[in-house]
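Input: a single structure, listed below in structure tokens.
The values are calculated or read from the model by the stated rules, or taken from the named source; none is laboratory data. Predicted, not measured: the structure shown is a model, and the values here were computed from it. Note that each Cβ is placed from the backbone with ideal geometry, even for glycine, and that neighbours are counted across all protein chains shown. Just the protein is used for accessible areas: all its heavy atoms, side chains included, with ligands, DNA and RNA removed. Shrake-Rupley method; radii C 1.70, N 1.55, O 1.52, S 1.80 Å.
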Amino acid sequence: MSHTSIDTQRHSAAHLLATAVLQLHPEAKLGVGPAVDNGFYYDFETAEPLTDAHLKDIEKRMKKLIGRDVIFEHRELSLDEARAIFPQNTQPYKAELLDDLAAEGETVVGIYTSGDFTDLCKGPHVRSSKEINPDALKLMRVAGAYWKSDETRPQLTRVYGVLFATKEELDAHLHMLEEAKKRDHRKLGKELDLFTFSDLVGAGLPLFTPKGTLLRDLIVEKIHGLQKKYGYQKVTIPHITKRDLYQTSGHWEKFGDELFKVKGQSDQEFVMKPMNCPHHTQIFAGHKRSYRELPLRLMETTTVYRDEQAGELLGLSRVRAISQDDGHVFCTTEQVAAEVSGIIDVIRAFYTSLGMFEEGKYWVSVSVRDPKTPEKYLGDATRWDDAEHILEDIARKEHLPYTRVEGEAAFYGPKIDFMFKDAIGREWQLATAQLDFVMPERFALRYTDASGEEQTPVMIHRAIAGSLERFLSVIIEHFAGAFPLWLAPTQVVIIPVSEKFADYAESVRAQLEAADLRVTVNNQSDTLGKRIRTAQKEKIPYMLIVGEKEIADSTVSVRSRDDGDAGVYTVTSFIATIQDRAQ
RNA sequence: GCCAUCCUAGCUCAGUUGGUAGAGCGGCACAUUCGUAACGUGCAGGUCAUCGGUUCAAUCCCGAUGGAUGGCUCCA
């Protein structure tokens with residue numbers, strides 16, 4: 001009977017994992033092995049690389065150990081005693097941890113022994129391995145991981161396992177992973193024909209099909225509609241620029257490696273734009289500005305290009321050509337709070353329309369400086385303090401579920417980021433509002449205030465969907481491809497029972513199109529059942545079946561993607577029923 | 001970029017312990033004209049990711065490159 005917490009069991013399982021690996025690789029050098037969400041891991045450096053093929057054997061050995069009633073015993077040792085157990089030559093990582101502890105002023109360290117395995121460890125642990133349920137344990141995969149998460153240090157092999165209290169919980173977890181796989185946007189993007197990749201075009205460069213492009217346009221139009229009353233104006237900028245722009249903005253120094261370089265006929269070197277803000281500042285700088293023009297709100301949906309590390313790319317979630325619904329507000333310090341509130345209004349309205357703005361489905365990061373590394377941020381400290389306070393105040397007033405996260409600020413200012421989860425719980429930043437006191441200064445932006453003095457405006461960067469690619473990946477998974485009516489690429493498919501009713505189908509199509517609905521007719525010679533199945537797999541919200549019965553009184557038989565048979569409607573009453581949800 | 005695994009038809013996947021390959025779905029043709037999740041028959045479609053090496057012979061073994069996946073690092 002176990003009275004220890006599942007986290008304790010997971011941590012102990014990590015020790016058993018190390019024990020099992022040492023049986024196979026007595027020379028293995030050990031890193032660390034903590035409990036994590038749903039399980040545990042341990043990092044190893046072995047002479048022969050550990051691979052997935054070894055997992056079965058290791059898992060079997062772990063289960064054997066569990067059955068053997070291994071007792072976990074705790075001891076406190078002096079540093080020197082511990083160093084004798086973890087000598088530099090055979091266990092350099094443990095030895096380094098001991099050095100770290102010594103540097104922190106520790107004089108005694110905790111040691112746990114379980115069977116013939118001894119580890120440097122604070123605990124706590126189970127008393128006996130029997131407290132762990134072997135049927136609820138599974139090793140999942142191996143992965144590389146840098147020692148101390150530092151890419152300049154050696155890379156160890158990390159073995160991940162999951163552990164629960166019961167086999168039922170393990171099965172439920174594995175089932176959840178299966179379900180998540182089914183709604184993976186990479187799979188659905190292919191099945192629903194939304195986007196594709198080409199080896200000839202390159203990694204991280206998605207190609208959007210007509211349906212995928214429709215989705216993008218619908219999203220962008222929705223955002224435009226919601227923010228109409230906030231006074232944004234569309235602008236257009238070229239996709240390349242001289243490097244001078246980023247040398248002035250400060251981006252060159254920080255992100256030079258990730259810029260795509262472009263050369264023309266002259267020696268002049270251009271770069272693909274990795275962001276739009278510097279360009280937008282030059283629109284502000286285009287002529288003398290008065291305080292009467294502020295806030296000046298510019299926006300544009302446009303693509304930026306970033307040479308992301310190859311290993312970082314992931315479907316649409318992380319790409320090299322990133323389409324942003326990017327906006328920049330130039331305003332006075334006094335206007336900042338109202339402007340940010342307005343942005344949050346739009347974010348709230350937009351995500352509410354998708355059912356994603358619900359408690360527990362998102363959280364908000366008030367991203368501020370890391371006080372330990374002030375050199376990473378540009379601009380003077382007082383302005384930073386003010387800006388961070390403004391954002392936190394707004395988050396509080398707007399009742400957002402926010403957390404202050406140190407070290408997440410951009411180098412030019414603090415920000416509010418809206419974080420949403422995908423199908424398997426990975427979090428993605430979508431909407432954002434970022435304050436910037438630095439860039440206006442660097443570009444020497446000025447406006448004339450009411451008393452005729454020149455002043456520097458504040459700049460606010462904002463995105464509602466963020467990266468359209470990332471946004472699409474999240475909503476494809478959120479809806480498992482079954483988009484709400486207004487977002488469905490095809491909203492209605494008309495299925496005539498047989499070819500004899502094709503003319504009627506066409507007349508129904510014309511009526512629906514006149515009502516601005518996106519409609520297709522499926523006239524293929526497949527059976528009715530087959531065409532319904534096809535529509536269902538394409539996740540088209542409504543199927544209208546028309547045949548002899550319907551022609552007689554100008555009706556359609558409605559089948560809903562989500563609820564099945566929905567009854568008979570006249571064409572006009574069907575349109576009236578769905579029209580509100582269709583736009 | 002790093003570690004590991006992987007790449008066979010448009011898609012999902014079999015297969016060959018080295019003798020140049022198959023299925024289902026999809027596509028096309030014919031047939032069918034059907035009442036709420038798969039009618040039937042036939043055909044087309046692959047230098048087995050690319051390039052190089054070993055070999056009498058490579059889709060299979062080795063290497064490089066490209067791409068994908070799971071992590072790590074990074075993310076304006």
Of (1) within 30 Å of A:ALA321 (Cβ to Cβ); (2) open to solvent by 40 Å² or more (accessible area, probe 1.4 Å), A:LYS138 satisfies all except one. Which?
-> (1)
When only residues in segment A:254-282 that are within 10 Å of RNA strand B (Cβ to nearest atom) and out of contact with any strand residue (DSSP E or B) (no Cβ under 8 Å at 6 or more places or on another chain) count, which is nearest to A:LYS242 (Cα to Cα)?
-> A:GLY256
Return the residue satisfying two criteria in turn: it lies in segment A:324-349 and is of a type outside the set (A, V, I, L, M), within 10 Å of A:ILE460 (Cα to Cα) and more than 24 Å from the chain's Cα centre (by Cα), and of such residues it is surrounded by the fewest Cβ atoms within 10 Å (Cβ to Cβ).
-> A:CYS331
In segment A:22-57, residue most open to solvent (accessible area, probe 1.4 Å) [restricted to those that are aliphatic (A, V, I, L, M) and under 34 Å from the mean Cα position of the chain (by Cα)] | A:ALA53
Report whether or not A:LEU192 is of a type in the set (A, V, I, L, M, F, W, C), open to solvent by less than 20 Å² (accessible area, probe 1.4 Å) and more than 12 Å from RNA strand B (Cβ to nearest atom).
-> no
Does at least one position in segment A:448-462 carry a residue that is modelled with pLDDT of 95 or more, more than 27 Å from A:LYS415 (Cα to Cα) and of a type in the set (A, V, I, L, M)?
-> yes
Just to be sure, is A:GLU454 near RNA strand B (Cβ under 9 Å from one of its atoms) and open to solvent by 60 Å² or more (accessible area, probe 1.4 Å)?
-> no
Just one listed residue, out of A:GLY202, A:GLY212, is open to solvent by less than 70 Å² (accessible area, probe 1.4 Å) and either within 14 Å of RNA strand B (Cβ to nearest atom) or touching a His at 6+ places or on another chain (Cβ under 8 Å) (or both), and it is A:GLY202
Inspect all residues belonging to segment A:421-436 and state whether any of them is over 26 Å from A:THR302 (Cα atoms) and either hydrophobic (A, V, I, L, M, F, W, C) or assigned to a helix (DSSP H, G or I) (or both).
-> yes
How many of the residues in segment A:414-434 are under 19 Å from A:GLU477 (Cβ atoms) and open to solvent by 10 Å² or more (accessible area, probe 1.4 Å)?
-> 10
Would a scan of segment A:418-440 turn up a residue that is within 14 Å of RNA strand B (Cβ to nearest atom), without any contact (Cβ under 8 Å) to a residue 60 or more places away in the chain and over 22 Å from A:ARG183 (Cα atoms)?
-> yes
Going by the structure shown, is A:THR213 in contact with a strand residue (DSSP E or B) (Cβ under 7 Å, 6 or more places away or on another chain) and at pLDDT 90 or above?
-> no
The residue from A:LEU177, A:LEU170, A:LEU156 that alone is crowded, with 17+ Cβ neighbours inside 10 Å, in contact (Cβ under 8 Å) with a residue 60 or more places away in the chain and not in a loop (DSSP other than H, G, I, E, B) is A:LEU156
Would a scan of segment A:309-319 turn up a residue that is more than 16 Å from RNA strand B (Cβ to nearest atom), surrounded by fewer than 18 Cβ atoms within 10 Å (Cβ to Cβ) and free of Cβ contacts under 8 Å to residues at least 24 places away in the same chain?
-> no
Selection count, segment A:21-34, where residues are part of a helix (DSSP H, G or I) and closer than 18 Å to A:LYS94 by Cβ = 2
Mind checking which residues of segment A:516-550 are surrounded by fewer than 16 Cβ atoms within 10 Å (Cβ to Cβ) and of a type in the set (A, V, I, L, M, F, W, C)?
-> A:LEU528
Going by the structure shown, is A:ALA285 away from RNA strand B (no atom under 16 Å from the Cβ) and either within 29 Å of A:GLY204 (Cα to Cα) or surrounded by fewer than 17 Cβ atoms within 10 Å (Cβ to Cβ) (or both)?
-> yes
Do we have A:GLU392 as in contact with a strand residue (DSSP E or B) (Cβ under 8 Å, 6 or more places away or on another chain), away from RNA strand B (no atom under 16 Å from the Cβ) and either among the small types (Gly, Ala, Ser) or under 27 Å from A:PHE284 (Cα atoms) (or both) here?
-> no
Just checking, which of A:GLN227, A:GLN247 is more than 16 Å from RNA strand B (Cβ to nearest atom) and either outside any loop (DSSP other than H, G, I, E, B) or in contact with a helix residue (DSSP H, G or I) (Cβ under 6 Å, 6 or more places away or on another chain) (or both)?
-> A:GLN227
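Table: residues versus (1) outside any strand (DSSP E or B); (2) closer than 29 Å to A:PHE197 by Cα.
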position	(1), (2)
A:THR303	no, yes
A:LEU316	yes, yes
A:HIS328	no, no
A:ASP345	yes, no
A:LEU354	yes, yes
